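Heads up, the thing below is written out as C-alpha cells.
The values are calculated or read from the model by the stated rules, or taken from the named source; none is laboratory data. Computed from a predicted model, the values in this text were never measured in an experiment. Note that we place each Cβ from the backbone using ideal geometry, even for glycine, and neighbour counts take in every protein chain shown. Note: areas computed on protein heavy atoms with side chains; ligands, DNA, RNA excluded. Shrake-Rupley method; radii C 1.70, N 1.55, O 1.52, S 1.80 Å.
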Amino acid sequence: MLSLKSIGASLVGIVVLLLFRLQTTEGSLHEYRGENFVSKGNAFVVHGGSEGIYSSLTNNLIQSHSYSTNTDSFIRFEKILFRRPKEFSNFSSGPIHAIVFDVDDRETIGGSAYGGQRAICCTADLAKLGVCTQGQIIHRPSAKNPGWPKVFSASFSNDEVDVALTSRSIPITKTGMYNVYFIHCEPNLKEVTVEGKTIWKNPTGYLPGRMAPLMNFYGCMSLAFVLLGIFWFSQYARFWREVIPLQNCITLVITLGMLEMAFWYFDYAEFNETGVRPTGTTVWAVTFGTVKRTVSRLVILIVSMGFGVVRPTLGGLTSKVLLLGGTFFLASEVLELVENAGAVSDFSGKARLFFVLPVAILDAFFILWIFTALSKTLNKLQARRLLAKLDIYRKFTNALAVTVILSVGWTCYELYFKSTDVYNERWQNAWIIPAFWQVLSFSLLCIICVLWAPSQNSMRYAYSDDGEELDKDATLTLIKPSPLLPKDVRNQPEVRPTLGNNELSNGADVEDKTE
C-alpha cells in the first residue's frame, strides 16, 4: 500500500504541472514559438503539424492573402519568421523551405541514389544524375494530386537576422492527411528557429478531421444521458423514501455523465468555431469524465461485494477500495490531460504510451477484484437460498462478463488499428475508437439502472435479514384465530408453506397475505 501512496503523490505532482503547462494550449492554430530545427538524416527539420482535412464543399478557391468562406478548407501560413543569432549572420544562406504534402504523396519527398539510404537533401551522387541540385531538398510532383506538394522558400541575406516567409493560404481540394514541415539543408543554419503560426480549417470549422465527427457524437450522447436521467430521476422522486446508498451512487454517476457529455460537446463546439481549444472547458470535461469512470468502477466493485444489497457496510475494505479509486483517478486524469488538453495535431505521439500503462494495470486489478467479489457474493446468495437477489446478481454478472469480453476484443482491435496505421491514413475512422468506449460504458450503466431502479420495496429488499429470509416458495400467512384458543395465541401469525409458485415483487423474498 505504501507504493500505491507514493505513486499517487507522484501523479498529483504531474497533474499540477500539466495544468500549468496547458494554460495556453491551442488547437488548429499551430503556433511556433522559437522552435529549433532537428537533424533528420542529412536535413534539419521542424514538424509544423499533421491534420486530416476534408476537401472544400464549394469550388471557391482561396486567394493567396485572404480567408475563405465558411465552406472552404485551407492551410494558411501567417507571420512565419525564421530567426538566427547575430553572431551567425555574417553569410548569405541557402533556402529554408516550407513543405505541405498529403501523406499519400510522402514518397515524393526525398530520394536515394542506386537504391541506397533515402535522403531528403540532394546529395552529390543524386546531383550527378541530374535529378536535383546539391544542397536543395528533393521533391517530385504528385501523380495523384496535380500541383502538389507545395513548397515555399525564404533565404537569409548577409548580416540579416530575421527573414519572413510570405503569408499565403493553400486551398485543400482533396481529402487527406496533410503535413507541414520546415526544412533546410545547411549545417551552418542549425541555430535557426521558427516563429509564427499556421491555421488549418475543415469545411465545417477548425476542428481537426479526426475530431470533427466527435462533436455530433457527444451531442447525441448528451441526449442519451438526458433520457436515462429522466427515467432514473422520475423513479428516484417517486420512491425517495425507499432509496438506498447504492442508488445514490448510481445517481451520482448519471449526473457526472451528463456533465461530461455536455462539457465535451461545448469543448468541441468552441474549438470548431474559433480554432483555439478552450483549455478550461477541456480540463473540466476531462475531470468530470475521469471522476465518472472512477465512481463507476467503484460502484461496480461495491455492488460485486454485495454492498447495499447483501451487506450494509464494506467493513475493513473501505480504505482499500478508496485508495484504489484515488490512484486510478490520478492516473486517468494524467492520461486524459496528455491526450486531450495537449492535442494540437491529428498525429498521436508515442509519449502517451508511458501514461497508458498505469491505467491498464489498475483496470486489470479492478476486473480481478470485481469478479473475485462477485464469485463470493453469488456463493453466499446461493447457500442462503436468496433466490430473488441471486437472479439479479446473475444478470449483473452476465452483463459484466459480456462487457469485459467486448472490452478485451476492442482493445485488441485498437492495438491492431494503431500498429497498422503508422501514417494515420485511416484518420477518418479514428473517432470510432473513443466513441465505442463511451457507448459501452453507457450501455452497462443502463443495465445497472434497470436492475437497481428505485422501487417501493428497495429498502426492505436491501436490508432484509439474510439469516431469516425464507425460500421463494414459502408464504407468510396470517390465519383467522379460533375463539377456543387463548387470546395471546390467537394474535400470533402462522407460517404455512404453500406449493404454488408465488412470484416476489421487486426483489422481495417474502409475501404478506391475510386470509
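The table that follows gives values for the structure above.
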{"quantity": "The range 209-467, accessible surface, carbon-and-sulfur percent (1.4 angstrom probe)", "calculated": "68"}
{"quantity": "Euclidean distance of C-alpha centroids, the range 99-155 and the range 422-448, integer Å", "calculated": "38"}
{"quantity": "The range 75-120 - percent of accessible surface contributed by carbon and sulfur, probe 1.4 Å", "calculated": "51"}
{"quantity": "Relative contact order for the range 209-467, counting Cα pairs under 8 Å that sit 6 or more residues apart, in percent", "calculated": "31"}
{"quantity": "Cross-link table LYS128/LYS150; LYS79/LYS190; LYS128/LYS197; LYS292/LYS389; LYS197/LYS418; LYS320/LYS389, entries beyond 31 Å C-alpha to C-alpha", "calculated": "LYS128/LYS197"}
{"quantity": "Solvent exposure of the range 209-467 as accessible area per residue, Å², 1.4 Å probe", "calculated": "46"}
{"quantity": "Order by protection proxy (mean Cβ within 10 Å, highest first), peptides 151-161, 135-145, 203-213", "calculated": "203-213, 135-145, 151-161"}
